[in-house]
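The values are calculated or read from the model by the stated rules, or taken from the named source; none is laboratory data. Keep in mind the model is a prediction, meaning the values are calculated, not measured. FYI the Cβ positions are ideal-geometry reconstructions off the backbone, even for glycines, and counts take in every protein chain you see.
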């Protein structure tokens with residue numbers, strides 16, 4: 001699927017928090033990793049090149065430093081397109097902090113201009129020396145909309161590439177109950193997610209499971225993902241109901257912020 005994982009860095013610890021996730025994926029798949037440093041002034045290139053080369057050597061990756069006087073997102077996309085089968089994997093913000101909503105201005109610009117999904121990770125101010133676990137499950141939240149389901153082909157291929165399992169989830173918001181102890185809509189929602197999981201398994205040849213969650217999707221999905229311990233997310237930036245808000249999608253943004261795992265995402 002992907003032969004190279006391209007990780008843009010800017011010299012900040014926040015931006016480099018994607019590196020352990022990228023290298024863990026590379027170990028599982030045999031892909032190479034390239035750390036990309038972009039500078040706007042050629043006078044800064046030598047120092048930046050030395051820094052990215054040392055950081056890359058420490059993780060067995062390639063270090064690349066380029067001068068680009070335009071938008072950083074354009075340079076990232078151009079480098080990704082230069083080498084076929086490249087996955088862009090970047091932190092949602094780097095040196096500038098939380099720039100544009102949750103996604104960060106550069107990550108969001110790359111997403112807007114890319115025809116392929118990208119892998120995004122929300123950095124945490126709390127650093128951890130714990131090793132990144134091998135991804136065993138890819139959680140795919142669906143709500144019945146074409147928008148939310150447009151990520152399914154990429155998520156299924158990503159799961160096959162990683163040797164992981166797809167877990168289809170849907171979320172029921174609190175609502176009046178049909179009978180004591182029976183949440184309204186559970187039967188219909190279970191039928192939907194079970195059917196989608198079965199279809200994905202048959203169509204893409206990947207192992208699947210499914211779950212119906214309860215509560216606010218922006219809380220229920222991250223909580224479920226954290227409980228698994230070996231999962232990542234795959235979801236579009238908006239869909240129906242709770243998954244359709246603003247450019248980045250409030251549910252996707254909340255999951256990116258709260259789940260603490262990489263998110264494979266694309267615009268629908």
Number of positions in segment 214-236 that are closer than 29 Å to residue 114 by Cβ, part of a strand (DSSP E or B) and touching a helix residue (DSSP H, G or I) at 6+ places or on another chain (Cβ under 7 Å): 3
Among the residues listed as 155, 130, the single one being crowded, with 16+ Cβ neighbours inside 10 Å and not assigned by TED's automatic domain parsing to the domain that holds residue 12: 155
Wholly within segment 42-114, helices (runs of 4 or more DSSP H) carrying at least 3 residues that are at pLDDT 90 or above and crowded, with 17+ Cβ neighbours inside 10 Å: 45-58, 72-82
